[in-house]
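Read-outs throughout are calculated quantities, based only on the coordinates presented, and are distinct from any laboratory measurement. Note that this is a predicted model, so its numbers are computed, not measured. Every residue, glycine among them, receives a Cβ derived from its backbone with ideal geometry; neighbour counts consider all protein chains shown.
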């Protein structure tokens, strides 16, 4: 799919990896809907990016809100043919320790946003892609989901986060197979340690230490690099059912 033909919905698109993906799509000549929480900077970012971007507020775990956002996208751009799921939350706590067991609500929330939210948006976006006319490759749409290297190398205290991201990895091939007859591809990116707003809260010394643990290049990943890979996945019609690590060859230690 040519980037100039892209009509994308990007969850978590108001910041970090999602915003970088939106920017790369627009540079390629496509259009993008920033789907993010109502209290996010989505409206501000869309205004800054110009007429090829709009903001559609929604909680990814809520069916009615996501349907309304996708309807807004279809009305604005005449359809959607790309869905990039970047919305997510982190959590850090051992399954059990001196403070007792991990609260079940913490586990549920992480699964709800990272896994259920990704599934929710993917299924509703795919339903709308079915109405698209196939391009020369027979393609009607592309779904790009976001996992994490934690899906493979979960660290101490990441039990909920790892479970949620491993679920995203596990869905990838099945979604690709489910939608193959309809010309809709699905791939997943598993980023390593990236320079996102969450990491920006850490002191510089800690940020440098994180980067130093990455074999090459020995630095934090840049959101633009995630956006570039997302756009390559969109553009490469033979890339399907795959999870791609984007991590500078890091393999996370236990802690």
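The separation of the stretch 31-86 from the stretch 146-192, counted between C-alpha centres, amounts to 22 Å.
With both partners inside the chain, how many of the DSSP beta bridges are antiparallel, as a percent to the nearest 5?
Around 5 percent of the beta bridges assigned by DSSP in the chain are antiparallel ones.
Computed packing ranks the peptides 27-37, 66-76 as 27-37, 66-76, most packed first, by mean other Cβ atoms within 10 Å.
Ordering 245, 185, 108 by the number of other Cβ atoms within 10 Å of each residue's own Cβ, fewest first, gives 108, 245, 185.
Annotation: peptides 225-237, 125-137, ranked by per-residue average of other Cβ atoms within 10 Å with the highest first, follow the order 225-237, 125-137. For the chain, the alpha-carbon radius of gyration amounts to 0.98 times the rule-of-thumb value 2.2 N^0.38 Å expected for a compact globular protein. In terms of other Cβ atoms within 10 Å, 218, 164, 52, 91 run from fewest to most in the order 218, 52, 91, 164. Sorted fewest first by neighbouring Cβ atoms within 10 angstrom, 98, 208, 7 come out as 98, 208, 7.
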